[in-house]
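One structure is given here, and the rest of the page talks about it.
The values are calculated or read from the model by the stated rules, or taken from the named source; none is laboratory data. It should be emphasised that the depicted structure is a prediction, and the values quoted were computed from it without experimental measurement. Here Cβ is always computed from backbone atoms with ideal geometry, including for glycine, and neighbour counts include all displayed protein chains. We work out accessible area using only protein heavy atoms, side chains counted, and drop any ligands, DNA or RNA first. Shrake-Rupley method; radii C 1.70, N 1.55, O 1.52, S 1.80 Å.
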Amino acid sequence: MEFRHVPVLFDECMENLKIKPDGVYVDGTLGGGGHAFGIGERLSEKGLLIGIDRDQDALGAAGKRLEPLKCRKLLVQSTYAEIKSVLEQNGIEGIDGALLDIGVSSYQLDNSERGFSYMQDAPLDMRMNRDDSFSAYDVVNTYSRKELNEIIKNYGEERWASRIAEFIVNRRKDGPIESTGQLVDVIKAAIPASARREGPHPAKRTFQAIRIEVNGELDQLRDAVDEFCDVLNPGGRLCIITFHSLEDRIVKEAFNRRLSPCTCPPEFPVCVCGKVSDAVKVTGKPIVSSEGELDENPRARSAKLRVIEKK
């Protein structure tokens, strides 16, 4: 299957990165290379484009897509949270900008065999790195009712989390749940018919929650914001696209901590901790997709872009 990627908020990202032709830029979620190609087009032969992805399929496909670019290129199989290690291993001291497009790629959703989609029947998988041993099958078939309830409620923000967890555990008594189709049937049975008729697909939030758990997405994001801010050169910018409130909240809070790092109690008349901000606010409210983009790419509807700049 062709690894395709529809880059969300493309023009907004290119504008906010303020790309210098001879700079060093990182796409920490390379995917199909849509955003990366845009960055690379704006770099000269002296510029360096670093692409990071945990999915080997993404690296292979993006590598071919990026071949025509004249800039230098470095593609690495890793997670974006390991940015400091990636730079250190390649003798790079700092970067002039970075982009993170959080979540699952269009290819992973559309490729049924990867098990990310609730719209196609496939083995329960959801691993972004297929070399990992832990998969959605393990979450669904080994987690306790309490554990399932917690991740579906917290990561999926699903009001019927408790019932879904109960139905999953009861269904497992007849044998393991092995496919996405079987899991969708369990979820549909757990959610009352009246609730299923409203809002998104009834399995959307549960699948999101399991995917986040399998890939440790929120923990990585929490670590990555500061890691990227640390390695930005003065004037460098970090652009992060999120797709649901959990991710956006993490980025917003991390940016605010970077902008206002003082840890002194509010009642102190002056700061005594000595922590001074090394960042500048670029976006207050997040940037969202235009109506034109939404007409062409409905998956952009929940996308939010936040940007911060290093002093």
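Using the alpha-carbon positions of the stretch 117-220, Rg (one decimal) and Dmax (whole number) come out as 12.6, 41 Å. Counting only whole DSSP H helices of the chain, the ones at least 18 Å long by C-alpha along their axis and with mean Kyte-Doolittle hydropathy no lower than -1.0 are 217-231, 245-259. The largest accessible area among His35, His201 belongs to the first residue in His201, His35, and the rest follow in falling order (1.4 Å probe, all chains). Note on the chain: with charges restricted to the Cβ of Lys and Arg (+1) and Asp and Glu (-1), its dipole about the Cα centre is near 640 debye. In terms of overall dimensions, the stretch 200-311 has a Cα radius of gyration and Dmax of 16.9, 53 angstrom. Across the chain, the relative contact order, built from alpha-carbon pairs under 8 Å that are at least six residues apart, equals 18 percent. The mean accessible area for residues of the chain, using a 1.4 Å probe and ignoring ligands and nucleic acids, is 48 Å² per residue. Structure note, pairs Lys275/Lys304; Lys18/Lys46; Lys18/Lys275: Cα-Cα distances above 21 angstrom occur for Lys275/Lys304; Lys18/Lys275. Potential lengthening of the chain between Ser85 and Ser260 amounts to 60.3 nm, from the contour at 0.36 nm per residue minus the alpha-carbon distance.
Within the accessible area of the stretch 1-100, the carbon and sulfur atoms contribute 44%, probe 1.4 Å, all protein chains present. For the chain, the residue among Ile50, Gln108, Val76 whose Cα projects farthest onto the positive side of the dipole built from Cβ charges is Gln108. Rolling a 1.4 Å probe over the protein heavy atoms of the stretch 178-253, with every protein chain left in place, gives an accessible area that is 42 percent carbon and sulfur.
Here Met119 and Val270 are evaluated by their C-beta separation; at R0 = 45 Å the FRET efficiency comes out at 0.20.
Only one of (i) 18; (ii) 43; (iii) 22 was calculated from the structure for percent of Cα pairs over 36 Å apart, and its label is (iii).
Across the options Gly284, Thr180, Val169, the greatest Cα extent toward the positive end of the charge dipole of the chain (unit charges at beta carbon of Lys, Arg, Asp, Glu) belongs to Gly284. At the residue level, Lys188 shows approximately 80 square angstrom of accessible surface with a 1.4 angstrom probe and all protein chains present. Summary value for the stretch 133-223: 36 percent relative contact order, contacts being C-alpha pairs under 8 angstrom separated by 6+ residues. Label zone of Lys18 (point 7 Å out along Cα→Cβ, amide N under 12 Å): in the stretch 210-240 this covers 233-238.
Within the set Lys20/Lys73; Lys20/Lys84; Lys73/Lys252; Lys73/Lys311, which residue pairs have Cα atoms separated by over 19 Å? Among Lys20/Lys73; Lys20/Lys84; Lys73/Lys252; Lys73/Lys311, the Cα-Cα distance tops 19 Å for Lys20/Lys84; Lys73/Lys252; Lys73/Lys311.
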